[in-house]
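These notes concern the structure reproduced below.
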Amino acid sequence: MTVADSRRTSQRYTFEQFTAVRRYQPTLSFSPDGSEVAYSVNISGQYNLWRQSSGGGYPHQLTLYTEQAVREVQWSPDGQWILYTADYHGDEFHQIYRIPARGGQPEQITDTPQVQHYLGQDAWTPDGSAFAYSANDRTPTEQDVLIYDTRT
């Protein structure tokens, strides 16, 4: 056995080395002024919503889910709210929520089990009074475009 072979066989990987992997959902949204970014990452053990300065710095966890996973993220035009979708145990029946951008309790916007809801890019109207989303609530094989008026 060579010295190189000896080194390879004596190197042991720790459990922590394998569990320290962060996975990001392929979604993020900049605040209207570009100073912050909202995203979904599983650093807490589940995909949760986080907010961080776009210049770096300490991330702030906004949701504390253990049973749901945050999938899509949209910042409101006034910077006050973040819309997101989340599903339960990966069932892909995404529901829509909104949370104050500075943190607080999430508000569930949709609550229709067995229905998939999706946010598109630029879902909000420019004045933030409404947002568009799609759902297959009418027919499971078809997505309809729906408008949610935040004032009513």
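The values are calculated or read from the model by the stated rules, or taken from the named source; none is laboratory data. Keep in mind that this is a model prediction, so the values were computed, not measured. All Cβ positions, glycine included, derive from the backbone under ideal geometry; neighbour counts span all protein chains shown. All accessible areas refer to the heavy atoms of the entire protein, side chains included, with ligands and DNA or RNA removed. Shrake-Rupley method; radii C 1.70, N 1.55, O 1.52, S 1.80 Å.
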Margin query: Test of understanding: among Thr139, Thr112, Thr125, which residue is among the hydroxyl-bearing types (Ser, Thr, Tyr) and touching an Asp or Glu at 6+ places or on another chain (Cβ under 9 Å)?
Written below: Thr112
Note to self: Can you go through Gln61, Gln17, Gln46 and tell me which one is at pLDDT 95 or above and not aliphatic (A, V, I, L, M)?
What the structure shows: Gln61
Check: All but one of (1) modelled with pLDDT under 95; (2) open to solvent by less than 90 Å² (accessible area, probe 1.4 Å); (3) not acidic (Asp, Glu) hold for Gln108; which doesn't?
Finding: (1)
Check: Going through the stretch 78-94 one residue at a time, which ones are more than 15 Å from Thr150 (Cβ to Cβ), surrounded by fewer than 21 Cβ atoms within 10 Å (Cβ to Cβ) and in contact (Cβ under 8 Å) with a residue 12 or more places away in the chain?
Finding: Asp87, Tyr88, His89, Gly90, Glu92, Phe93
Note to self: Restricting to the stretch 111-124, name every residue that is touching a Phe, Trp or Tyr at 6+ places or on another chain (Cβ under 8 Å), surrounded by 11 or more Cβ atoms within 10 Å (Cβ to Cβ) and either free of Cβ contacts under 8 Å to residues at least 12 places away in the same chain or not hydroxyl-bearing (Ser, Thr, Tyr) (or both).
What the structure shows: Val115, Gln116, His117, Leu119, Gly120, Ala123, Trp124
Check: So Tyr97 clears everything in (1) of a type in the set (Phe, Trp, Tyr); (2) surrounded by fewer than 18 Cβ atoms within 10 Å (Cβ to Cβ); (3) without any contact (Cβ under 8 Å) to a residue 40 or more places away in the chain except one condition, right? Which one?
Finding: (2)
